[in-house]
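The values are calculated or read from the model by the stated rules, or taken from the named source; none is laboratory data. Because the structure is a prediction, the values reported are computed rather than measured. Virtual Cβ from ideal backbone geometry, glycine too; neighbours counted across all protein chains shown. Quick note on the areas: whole protein, heavy atoms, side chains included, nothing else; ligands and nucleic acids left out. Shrake-Rupley method; radii C 1.70, N 1.55, O 1.52, S 1.80 Å.
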Amino acid sequence: MIDNNEYFVLRKKAVPEVLLRVVRAKRLLESGKAVSVKEATDKAGISRSSFYKYKEDIFPFHDNAKGKTITIISQMDDEPGLLSDLLKIVARYQANILTIHQSIPVNGVASLTLSVEVLEATKDVSKMVKKIEDLSGIHSVKILARE
């Protein structure tokens, strides 16, 4: 049974369209491009009831991550400089590295667990994770936890 207070991290393609439209309506309100919920929901193409039903349950990952700890697990090739390249990405996005644990490589592949603190200065965390995923030698990147 799923606890109603559990959090899940999903890729955008797995999120139902109605929830993406709720996020759009919230952004319209926050940016001042819509002055009322009715106007925002009309522009986003959803009903006000859908907006009110989901508005507290959906938010872009990077919008609410400030001051949080993100734990990422990755499978990576045992190549000189790869960990350094990954850490440079974290530094470029101005996240604070809290812990790093790399396993002993088995068959040329190591597991990396990395915990970072998301600061006020930290740029878009989802883009940071995407940059890490795109590194040559990285097999997988998963967000294990967000606290």
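Structure above, values below:
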item	result
Single unsatisfied condition, Glu117 versus (1) surrounded by fewer than 17 Cβ atoms within 10 Å (Cβ to Cβ); (2) more than 15 Å from the chain's Cα centre (by Cα)	(2)
Some residue of the stretch 54-71 being buried (at least 17 other Cβ atoms within 10 Å of the Cβ) and modelled with pLDDT of 95 or more	no
Qualifying residue in the stretch 23-37 (condition: open to solvent by 80 Å² or more (accessible area, probe 1.4 Å), closer than 25 Å to Thr122 by Cα, at pLDDT 90 or above and not β-branched (Val, Ile, Thr))	yes
Hey, Lys88 at pLDDT 95 or above, assigned to a helix (DSSP H, G or I) and not polar (S, T, N, Q) or not	yes
Of residues in the stretch 120-139 being open to solvent by 70 Å² or more (accessible area, probe 1.4 Å) and within 22 Å of Asp78 (Cβ to Cβ), the one farthest from the chain's Cα centre (by Cα)	Ser136
Residue in the stretch 98-105 that is under 22 Å from Val15 (Cα atoms) and in contact (Cβ under 8 Å) with a residue 12 or more places away in the chain present	no
Selection from the stretch 133-147 of residues that are touching a Lys or Arg at 6+ places or on another chain (Cβ under 8 Å) and part of a strand (DSSP E or B)	Arg146
Some residue of the stretch 65-80 being without any contact (Cβ under 8 Å) to a residue 24 or more places away in the chain and in a helix (DSSP H, G or I)	no
Long-range neighbours under 7 Å by Cβ, at least six apart or interchain, first residue free of Cβ contacts under 8 Å to residues at least 12 places away in the same chain within the stretch 40-57, second open to solvent by less than 100 Å² (accessible area, probe 1.4 Å)	Ser47/Thr41; Arg48/Val37; Arg48/Thr41
Conditions (1) open to solvent by 80 Å² or more (accessible area, probe 1.4 Å); (2) within 14 Å of the chain's Cα centre (by Cα); (3) modelled with pLDDT of 85 or more: number failed by Leu144	(3)
Conditions (1) small (Gly, Ala, Ser); (2) surrounded by 13 or more Cβ atoms within 10 Å (Cβ to Cβ); (3) part of a loop (DSSP other than H, G, I, E, B): number failed by Ala110	(3)
Members of the stretch 38-53 found to be of a type in the set (Ser, Thr, Tyr), open to solvent by 30 Å² or more (accessible area, probe 1.4 Å) and assigned to a helix (DSSP H, G or I), listed by number	Ser49, Tyr52
